[in-house]
Structures are given as structure tokens and as C-alpha cells.
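Down below is the structure, laid out as C-alpha cells.
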Amino acid sequence: PWLSSADGLNGAAAAGGTQSPCMCKPITKPRRVFFNRVPKCGSTTMESVINAARKQHAFHFRRSPDYTHQHLSLAQRRGFVRYFVSNPPPFLYDRHLHHIRFEEFGKPSPVYINLIRDPVSMHVSDFYYHRECVCS
């Protein structure tokens, strides 16, 4: 099988059964969360959920207007980390970026959230999205 117990799953999970209990310690009230947006994977729906939760749980939410620069230079990463930690917690930020190791800049890592989608479904959605943009 392509998954094994070395991957953190028991044999049943590798064969399509149930997964072993998670050994991670849950973080019940994270101070800072980074929603790492992935194009055509439900980001707009997730943003609606975040906005509803923001009102109910009173946290700050910022969405980056930058959709094109996913890979940052060292200086850009340093500046981004400085910006990110300057926002008062509780704080959730939304942007598509390659992973940033906050510890590299002496700051604690935020909780990362990624929402992914079946690749074929994602490309079909992208096809229809662009077809509507071009034809309309």
C-alpha cells in the first residue's frame, strides 16, 4: 500500500479502514491562524464560514489582496512575519503563500489551515470558471 504505519496511520487506515487516534495536542484557542488559500479549493466558501465565525467568536480577520506572489524572498518573508505578528490576537489571516517558518525569524508559528480538493474536480471547476469569464 502507498500508506503505511510509518506514515502515522495504522494498517487498517492504509487499507482504507479507520485512522489511529491523533497524537497531536489540540489547540483550543489559537492566538493566530493562517488560512493558506489554495485556488479553486473552496476558499470563497471558507471565507463565508470565517466571516460568520468572526462575528460569533470576536476575532480579527484580514484577507490579502495579493493573489499572485506566493513565493517570497527572505526580506519579504521577514517583512510578512513582522506584519503578521503585529496584528492583535485573536487573528486569522487569509492568503496563498508558500510555507513560512516563523521560527526562522524568532516568532512562534501560527496555526496553519489548508483546504484542498480532488485535483480533477479542481481543474474541472477552473475550466468552467474561466469559460464563464471569457464567454460572458
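The values are calculated or read from the model by the stated rules, or taken from the named source; none is laboratory data. Computed from a predicted structure; not experimentally measured. Reconstructed Cβ throughout: ideal geometry from the backbone, glycine too, with neighbour counts over all protein chains shown. Each accessible area value is taken on the protein alone, full model and side chains, heavy atoms only, with ligands, DNA and RNA left out. Shrake-Rupley method; radii C 1.70, N 1.55, O 1.52, S 1.80 Å.
A few notes on this one:
- Accessible heavy-atom area order of 78, 101, highest first, probe of 1.4 Å: 101, 78
- Under 25 Å from residue 25, Cα to Cα: lysines that are on another chain or at least 8 residues apart: 107
- Gained length - residue 111 relative to residue 38, 0.36 nm times residue gap less alpha-carbon distance: 24.7 nm
- From most to least packed by mean Cβ count within 10 Å, the peptides 88-95, 115-122 give 88-95, 115-122.
- Residue 89 sits among other residues whose Cβ lies under 9 Å from its own Cβ, and their net charge, with Lys and Arg +1 and Asp and Glu -1, is +2.
- Cα gyration tensor shape of segment 25-127, rounded if a/c is under 1.5, else prolate or oblate by comparing a/b with b/c: oblate
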